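Only one structure is covered here, and it is reproduced in the block below.
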Amino acid sequence: MGREVSESCVDSVIIEMVSAYCNRFYVNKPDLAARRIEAIGYQVGLQLSESYTRILLVARYTMERPRFSDHLEAIKFICKDFWSELFKKQIDNLKTNHRGTFVLQDNRFRWLTRMSSDPSTANTDSSQDPSVATAENKSTQATSMHLYFPCGIIRGALSNLGIPCAVSADISNLPACELQLSVCFSITCMITR
Amino acid sequence: MAPVAPRSGDAVFANVERVNAELFTLTYGAIVRQLITDLEEVEEVNKQLDQMGYNIGIRLIDEFLAKSNVSRCVDFKETAEVIAKVGFKMFLGVTASVTNWDADGTSCSLVLEDNPLVDFVELPDTCQGLYYCNILSGVIRGALEMVSMKTEITWVRDMLRGDDAFELRVKLLKQVPEEYPYKDDE
Amino acid sequence: MIVCVAVVGHQNNPLYLQSFTEADDELKLHHIVQCSLDVIDERVNNPKKTGPTLNETFLGLLYPTENYKVYGYLTNTKVKFIFVTTDLDVRDADVRNFFRRFHSAYVDAVSNPFHVPGKKITSRTFAERVSTIVKSFGMSAAA
């Protein structure tokens with residue numbers, strides 16, 4: 001299976017896309033830029049979920065592999081198989097409050113570890129100097145802009161698996177990343193005619 | 001004499017971090033589609049894709065030089081071969097061919113028969129003016145500018161428009177002498 | 001011979017519907033597809049608690065009519081594939097093989113960045129691939 005490209009191709013287009021939306025198309029409108037970046041991720045997530053659920057059927061299991069029977073199974077699919085296809089590793093920790101909130105924790109989020117080696121988005125050391133603090137603040141802002149893309153991917157994938165949700169990311173412990181899914185369980189009455 | 005540039009990027013490609021092309025293809029596709037929605041004019045989308053490519057190219061050249069063992073190319077002819085055989089292979093995993101040199105050796109065509117950017121892509125009728133792969137021409141232009149070659153790159157053939165291959169015409173406009181790489185006042 | 005294939009979205013919205021018959025029974029075929037959707041809903045919402053078909057993507061024979069047999073498949077993204085055949089003797093392996101190839105063609109079609117999710121699949125490539133898969137149905141060497 002599968003053709004491959006160098007990972008720097010993916011990194012480059014994502015970094016450039018985020019930069020184009022933040023610094024060229026929607027300067028001073030970070031909310032709009034964020035929404036567009038998230039939308040791009042959403043479309044990728046929709047498409048990847050079609051493809052990766054199929055890969056799961058074909059490559060790892062037989063056709064008899066069951067369909068996901070509930071939300072938890074679908075979310076586990078995201079944490080294991082989907083994440084592995086995307087980032088070559090699984091989610092490190094999955095927590096839930098059993099009321100529709102799930103927290104997915106990746107201790108070395110690939111896109112952040114690779115990005116922080118990029119000088120243009122490098123982190124500055126924390127310091128008392130206010131000007132450095134601003135730079136750090138800016139860098140955090142840039143990083144969080146990049147996170148709208150993977151958040152969109154996960155939202156797109158889950159919504160395509162029948163789980164409409166809101167996804168947000170917490171990166172207070174770089175390069176660890178916590179994605180919080182707030183699943184809006186929509187209850188539909190299925191009346192069979 | 002300068003060391004001979006590698007004739008193939010296979011070994012380089014085998015050594016870089018690689019990912020499934022699907023993520024790249026879908027991400028690029030989603031970006032193009034979002035650009036069409038946001039910028040409305042297809043012409044403007046072409047321009048922005050080229051600009052994005054340019055910005056990528058001026059950064060990627062460092063990675064290329066570092067990992068490919070290409071130290072310097074003797075001339076534009078060799079440069080074109082290196083782009084086609086090593087550059088394309090190292091990043092996209094495919095190889096282009098160089099053809100149609102003009103008499104004075106300053107313009108040639110890069111022909112790509114296999115292109116991971118367009119897997120799954122079918123252009124809708126409303127996007128007929130779109131150069132879907134315009135990011136590629138920007139990348140090449142940007143990368144070459146960093147090694148002191150100013151070029152102009154245009155699309156001659158495009159498989160999404162029904163041609164049998166992708167063909168980029170690369171025209172060398174000006175080669176800044178190596179000694180003064182940053183002096184460019186024209 | 002397969003006379004009709006359909007792709008139906010998770011809200012039972014038609015995404016692709018194609019007949020392969022010269023006879024003037026298109027409406028009838030579409031009606032059969034419609035009815036089989038009800039069978040799928042019924043099976044998915046009230047699965048028999050025993051048996052191997054629980055939660056399987058391959059739904060098997062949905063129902064036989066006098067002249068047709070209808071088979072179904074449900075992806076994890078809740079998209080249904082259905083085909084109607086006039087063959088009376090259909091091998092399970094052929095049906096599974098058909099859906100495996102069909103699923104692959106479907107994934108490629110919705111990977112087109114210009115495909116709008118939930119809207120009809122208009123891809124020419126997809127139509128051609130489907131037609132090839134339909135034509136080769138049952139032609140695989142006996143396993």
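We did not get these values from a lab; they are worked out from the coordinates using the rules stated. Everything numeric in this text was worked out from a predicted model, so none of it was measured. We place every Cβ from the backbone using ideal geometry, glycine too, and count neighbours over all the protein chains shown.
Which order results if C:92, B:10 are arranged by neighbouring Cβ count within 10 Å, fewest first?
Fewest-to-most ranking of C:92, B:10: C:92, B:10.
Calculated from DSSP H runs of 4 or more alone, at -39500 (n - 2.57) each and per residue, what is the 222 nm mean residue ellipticity of chain C, nearest 500?
It lands at -12000 deg cm²/dmol.
Once you sort the root eigenvalues of the Cα gyration tensor of chain C as a ≥ b ≥ c, which label holds: rounded (a/c under 1.5), prolate (a/b larger than b/c) or oblate (the other case)? Walk me through the intermediate numbers first.
Values: a/c = 1.29, a/b = 1.08, b/c = 1.19.
Since a/c stays below 1.5, the shape of chain C is classed as rounded.
How large is the convex hull of the Cα atoms of the range B:21-175 per residue, expressed in Å³ as a whole number?
It is 106 Å³ per residue.
With chain B treated as a Gaussian network of Cα nodes joined by springs under 10 Å, which of B:86, B:176, B:19 yields the largest mean-square fluctuation?
It is B:19.
Quick one: which residues, 5 or more positions from residue B:18 or on another chain, have an amide H under 5 Å from its amide H? H modelled 1.01 Å from N in the peptide plane, none for Pro or chain starts.
Distant-sequence amide H within range of residue B:18: A:7.
Ranked by Cβ crowding within 10 angstrom, fewest neighbours first, how are A:19, A:12 ordered?
Ranking A:19, A:12 by Cβ neighbours within 10 Å, fewest first, gives A:19, A:12.
Choose one of B:137, B:42, B:160: the residue whose Cα lies farthest towards the positive end of the charge dipole of chain B (beta-carbon charges +1 Lys, Arg; -1 Asp, Glu; about the Cα centre).
The residue sitting farthest along the positive end of the dipole is B:137.
To the nearest 500 deg cm²/dmol, what mean residue ellipticity at 222 nm is calculated for chain B from DSSP H runs of n ≥ 4 alone, each contributing -39,500 (n - 2.57), summed and divided by the residues?
Counting only the DSSP helices, I get -13000 deg cm²/dmol.
Between their Cα atoms, which of A:88/C:69; B:89/C:120; A:80/C:135; C:28/C:135; A:89/B:67 are more than 32 Å away from each other?
A:88/C:69; B:89/C:120; A:80/C:135
Could you list B:63, B:81 in order of exposure, starting from the residue whose Cβ has the fewest other Cβ atoms within 10 Å? Walk me through the intermediate numbers first.
On the way: B:63 15, B:81 20.
Fewest to most other Cβ atoms nearby, the residues stand as B:63, B:81.
Give the long-range amide H neighbours of residue C:56: residues separated by 5 or more places, or on another chain, with amide H under 5 Å away, using H modelled in the peptide plane at 1.01 Å from N.
Placed amide hydrogens put A:67 under 5 Å from residue C:56.
State the Cα centre-to-centre distance between the range A:6-52 and the range B:80-105 in whole Å.
29
Percent relative contact order of the range C:2-135, based on C-alpha pairs within less than 8 angstrom and at least six residues apart?
25
Evaluate the relative contact order of chain B (contact order divided by residue number), counting alpha-carbon pairs under 8 angstrom at least 6 apart; express in whole percent.
Value for chain B: 26 percent.
Once amide H atoms are built 1.01 Å from N in the peptide plane, which residues 5 or more positions from residue A:165, or in another chain, come under 5 Å H to H?
For residue A:165, whose amide H was placed from the backbone, the distant partners under 5 Å are A:184.
Please state the charge dipole magnitude for the range B:1-136, taken about the Cα centre, from unit charges on C-beta atoms (+1 on K and R, -1 on D and E), reported in debye and rounded to the nearest 20. Show your work: numbers first, answer last.
Numbers: 10 positive and 21 negative charges, 141 e Å.
Computed charge dipole of the range B:1-136: roughly 680 debye.
Could you tell me how far the Cα centroid of the range B:25-48 sits from the Cα centroid of the range B:116-172, in Å?
14
Taking 22 Å as R0, compute the FRET efficiency from the Cβ-Cβ separation of residue C:34 and residue C:119 and round it to 0.05.
0.70
Step through the residues of the range A:165-170 one at a time and calculate ³J(HN,Hα) from phi using the Karplus curve (6.51 cos²θ - 1.76 cosθ + 1.60, θ = phi - 60°), rounding each to whole Hz and writing x for Gly and Pro.
7, 10, 10, 10, 10, 10
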